[in-house]
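The values are calculated or read from the model by the stated rules, or taken from the named source; none is laboratory data. Being a predicted model, the structure only gives us computed values, none of them experimental. When we count neighbours, we look across all protein chains shown, and the Cβ atoms used for this are built from the backbone with ideal geometry, even at glycine.
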Amino acid sequence: MGIFGAMTTAVGGLRAQSYALENISGNIANSQTTGFKRVDTSFADLVPDSAPSHQFAGSVVAMSRGTNSVQGDIQNSSVNTYMAINGDGYFVVQKPSGFPDGLPVFSGVDLFTRRGDFELNKDGFLVNGTGYYLKALQVDPTTGNVVGDVPLVLQFSNDFLPAQATSLIEYRANLASYPRTAASDPNTPNSELLDPTGFSVDPTVAGTGTVVANDLPAFIDESLAGGAVTVYDSQGQAVNVQLRWAKVDSVANGGTDTWELFYQTDSSATGAGVAWLNAGVDYTFNASGMMSPPIPSVLLTAVTVNGVNVGDITITHGANGLTQFADANGIAQVNNLSQNGFPAGSLQAISVNEKGRIVASYSNGRTLDIAEIPLASFNGDNALKRVDGGAFEATSESGPALYGAPGKIIGKSLEGSNTDIADEFTKLIVTQQAYAANTRIVTTSDQMLQETLNMVR
């Protein structure tokens, strides 16, 4: 080796420290880059083959060491489509190879990134700040189940969400054991009951009972308001369904506590026109205030309200959804009154929820899961090949992508760079000192060569 070997080794050291300096420079330059993973430098010695008693310390070579498994800080954001990964995993993305006819065409090669600043572009694709298009799994909006297992670059359109006709009403309430109707008088026996003798048609007959407009004053005075719910027909037209309860028999009257449910069919009925219909079921209660027998649901057929045909609607009460307990106010206390229909609506916004699903919000108040974001992981993720824009390619050293990474997606957040400025400055000082020391070796070797040349003069 000798002097020339020492000089060559020092030059290798200068080259290695320059390599380290370049990595430090890149780390500091990207200290504010979303999802950036710093590159550390490791050094390996190069030892020439020689006998143990004549071995040299050898030269040095610098190599990059990835920190893909080191997470950056997660920062909150106000953008609904921004997302960060807490834990292991990468977003699956692709970059267009061209834009014929203004639409992106993809090469089919998957790339992977932690950069989650995705936003909808003009064509309805979710694209991050460096131009990578997000891949996701479609979700069936009806069942909520994922369709297939191969992620695709999805395009989200602002098509209308079709209307859904009401087919189910959930109704839970407590009916006061003594209803305080307008006609009730505690001093008058049975005054709390609906008396059908003065009605044109007996409204208490389950299935055929009706209330005509001429009998409305007596019906309203002898029944309780049971709430109202807006339902929709197949085209999304809204109609208001009014409900009322009337107690028709009681234990005090020598019978069984029995109620009838009515719904309004025509709010503007006159004369002999039908205004209210009996739901068709006798609701009877035992001494404990529970339905006996239980009536979990009742079917209303061909429901028509104010001329709008809504179709068949099932009213569900559940096992103990209707009770008859004492109530100081003597009213029908509604605990739940909801339905499953909705009008048509246009897409208003896209967001990401805590389950890693893309959620569409519509103008009719509906929210639907429309896609699920898969996360990929690698057995050797620090061996991924870096490409521009914070993305990575799979390599033989990293192994293939494994879907189902355990990381959790956090919506309205971004992962920052994992560069630590203070740590980089410390490495910068060490690198500078090492570089300067190698230059001293070159200088000293040069001086020794000069002394050798002076020997022959």
task: Determine if region 260-281 includes at least one residue that is assigned to a strand (DSSP E or B) and either of a type in the set (Lys, Arg) or closer than 24 Å to residue 187 by Cα (or both).
output: yes
Unmet requirement for residue 115, which otherwise passes all of (1) outside any loop (DSSP other than H, G, I, E, B); (2) modelled with pLDDT of 95 or more: (1)
message: Just the residues that are under 16 Å from residue 261 (Cα atoms), crowded, with 18+ Cβ neighbours inside 10 Å and of a type outside the set (A, V, I, L, M, F, W, C), please, taken from region 171-195.
response: 171, 174, 177, 179, 181, 192
message: Would you confirm, using the coordinates I've provided, whether residue 84 is free of Cβ contacts under 8 Å to residues at least 60 places away in the same chain, in a strand (DSSP E or B) and surrounded by 19 or more Cβ atoms within 10 Å (Cβ to Cβ)?
response: no
- line: For region 145-169, pairs from a residue that is closer than 14 Å to residue 370 by Cα to a residue that is basic (Lys, Arg) and in a strand (DSSP E or B), with Cβ under 7 Å and 6 or more apart or across chains, are 151/135; 152/135; 153/135
message: So if I check each of 227, 144, 198, which one is at pLDDT below 95 and on the phi > 0 side of the Ramachandran plot?
response: 144
query: Can we say residue 99 is crowded, with 17+ Cβ neighbours inside 10 Å, on the phi < 0 side of the Ramachandran plot and aromatic (Phe, Trp, Tyr)?
result: no
field: Check on residue 368, touching a residue at least 12 places away in the same chain (Cβ under 8 Å) and over 30 Å from residue 235 (Cα atoms)
entry: no
message: Show me the strands (runs of 3 or more DSSP E) entirely contained within region 154-259 in which 2 or more residues are over 24 Å from residue 335 (Cα atoms).
response: 210-212
message: Quick check on region 1-36: of everything there that is in contact with a Phe, Trp or Tyr (Cβ under 6 Å, 6 or more places away or on another chain) and in a loop (DSSP other than H, G, I, E, B), which residue is nearest to residue 434 (Cα to Cα)?
response: 1
